[in-house]
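The values are calculated or read from the model by the stated rules, or taken from the named source; none is laboratory data. Since the structure is predicted, the reported quantities are computational estimates derived from the model, not experimental observations. Because the Cβ atoms are built from the backbone with ideal geometry, glycine has one as well, and the counts that use them run over all protein chains shown.
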């Protein structure tokens, strides 16, 4: 019986109902959306991105402006003038009590200074608009708004995460697929270089690179380079492994038998098929970049003033953490929430893009 | 007669350098393929069937493999001497291939349309819209229902038999001169096997394509092929038309193969025949008849020298000491 007989065709058609095409990406998206924690993580990451990168357009205070009368104000919804005045009067009372108790005359100078400040503040409080400001997350040791500093700090931290991830992915993909596809001595060379880099302590290398590169106003850029130069190692190994296993697969052989060249095979067949794992690794690496940057900033090797990253903010906050805990808590909580969200998102992506977890319903 | 020969394989040798020694996967294979002819290559696993055909397309993975000699003359040119660019224009365009396992031969990340259109655009120089039309037409010919809808789906939405149809449509989309089908039905169930073979037959006849059918199933070649090559340990041991091979097998190996197929038309109370022993390890094979340890009619000469190929008639050859001058 010939196959494209009309009756046969019709009969086959009744059994073959049309199914809407679902790409693997759409399928992964569906699975990602079913994971509640990943969705939450995605929302948090999204909000962070919008707020930090849209900070210039949003009504935040300047993160560089210093105000000596507003030093170390605690978080409050009252106007800054009222909070500052309340605190000065508290200290005045404390000092008066101390003078009475101990009878130390040297404290009288401090009392005088505080009385002067109170007079100055009372004179300005209704006329100067700066005392009408509200610092909902308090201020730091130079009277700068903690909210604005945390948001602009986040901008730099997230940028470092993004740029680090992208650069690492780029270098890793190029070198990994080169080694995996070509094999031979090129693969050996890249592989041994990666081994060599692995055997060196990561932080030490970053610190050495940072001290070797010319510093100055561009210290963020130096930081980007230093982190990116080290972090492509894992990705390149992962990509290499993927490419090697894929290049021997039958659909690649089939593509070659159809006359496809090396470029087409790499970009059309090999890389898209390893993209899932690259995305997973990148998302999971993203938080580690932020951590590394914070660590470097904490050691004083990171971003230089007046710019701030979460790491520098935390390191500044630690210095006064018993008296002014909000200076530590605000950037630390902001960073922790973001890293949590990123990790949840990464885990969700791993489950969604894993070809083994085909829990379709 | 010779002017419609489109593919001439002369003394093709493909060797693999392994740690254990030199593996002569294909060792001096010669055959001709005429326009529109269906040639079957039969043999056990590891007899060099697939490597022969990869070598024809110069697709042997190298290293460890290399082509140690021979010619593959396609339309007047030796494919093995062509630069890579030239071969790429032939692959998929003039000679295309269908592989054994349709489940793994399609890129799971690309739509069927993308994969088909790319090939057509690459080789035929059509624009995308025309290529898509052509692809739909080929899918329809290959018996895919509602091809205009199915073409935008992904491979995982097709069953095994459907994917093999897609592979056939893709392979034939550039109307090649030669279609190499490397065990196209091994991974499919029996009812689909028959449909797929029928489809290959019908389409190749319609398009005038010559087919090289690689298989280890004698039933398949009996129904499909005009002529048959029987391979053993990297060499062709017997060659002839399908009728000749089945009605009058000469080589003891071919005789054994045919005897070991269960027959429905002959009632038998005996156990089904099987050739004793295992196919030889082709690494460092000495220059003897590789079949002699399993051969019921082995002679002393078989152990020392590979038999000369005896010409028994037009395109009928056998490599055995029982025939020709060695007799």
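Among the numbered conditions (1) in contact with a strand residue (DSSP E or B) (Cβ under 7 Å, 6 or more places away or on another chain); (2) without any contact (Cβ under 8 Å) to a residue 60 or more places away in the chain, the only one that residue A:185 does not meet is (1). Quick check: anything in region B:124-132 at pLDDT below 85 and at the interface with chain A (Cβ under 9 Å from one of its Cβ atoms)? Scanning region B:124-132, I find no residue that is at pLDDT below 85 and at the interface with chain A (Cβ under 9 Å from one of its Cβ atoms), so the answer is no.
Cβ-Cβ contacts under 9 Å between residues 6 or more apart (or on different chains), taken from a first residue in region A:133-144 that is free of Cβ contacts under 8 Å to residues at least 60 places away in the same chain to a second residue that is surrounded by fewer than 22 Cβ atoms within 10 Å (Cβ to Cβ) and in a loop (DSSP other than H, G, I, E, B), are listed as A:134/A:76; A:134/A:77; A:134/A:78; A:134/A:79. Just one of the listed residues (A:180, A:172) is part of a helix (DSSP H, G or I), at pLDDT 85 or above, under 27 Å from residue A:49 (Cβ atoms) and in contact with a helix residue (DSSP H, G or I) (Cβ under 8 Å, 6 or more places away or on another chain), and it is A:172.
When we screen A:296, A:328, A:353 for residues that are at pLDDT 85 or above and crowded, with 19+ Cβ neighbours inside 10 Å, the only hit is A:328.
Of the residues making up region B:246-297, those that are within 23 Å of the chain's Cα centre (by Cα), without any contact (Cβ under 8 Å) to a residue 12 or more places away in the chain and surrounded by 17 or more Cβ atoms within 10 Å (Cβ to Cβ) are B:249, B:255. Residues in region B:286-311 that are touching a strand residue (DSSP E or B) at 6+ places or on another chain (Cβ under 6 Å) and not in a loop (DSSP other than H, G, I, E, B): B:309, B:310, B:311.
Among what's in region B:166-206 and is part of a helix (DSSP H, G or I), away from chain A (no Cβ under 12 Å) and modelled with pLDDT under 85, pick the residue that is farthest from residue B:146 (Cα to Cα). Here the answer is B:190.
Against the list (1) away from chain A (no Cβ under 14 Å); (2) under 24 Å from residue A:251 (Cβ atoms), the condition residue B:99 fails is (1).
Quick one: which of B:11, B:85 is surrounded by fewer than 22 Cβ atoms within 10 Å (Cβ to Cβ) and at pLDDT below 85? Break it down stepwise before answering.
On the way: B:11 fails: at pLDDT below 85.
Unique residue meeting the criteria: B:85.
On the basis of being in contact with a helix residue (DSSP H, G or I) (Cβ under 9 Å, 6 or more places away or on another chain) and either surrounded by fewer than 21 Cβ atoms within 10 Å (Cβ to Cβ) or closer than 23 Å to residue B:101 by Cβ (or both), does residue A:265 make the cut? Criteria met by residue A:265. For residue B:74, the conditions (1) surrounded by 19 or more Cβ atoms within 10 Å (Cβ to Cβ); (2) over 26 Å from residue B:215 (Cβ atoms); (3) touching a residue at least 40 places away in the same chain (Cβ under 8 Å) all hold with the exception of (2). Across region B:14-47, the qualifying residues are those that are at positive phi and assigned to a strand (DSSP E or B), and the one among them that is modelled with the lowest pLDDT is B:21. Only one of the numbered conditions (1) exposed (fewer than 14 other Cβ atoms within 10 Å of the Cβ); (2) under 38 Å from the mean Cα position of the chain (by Cα) is violated by residue A:83, and that is (1).
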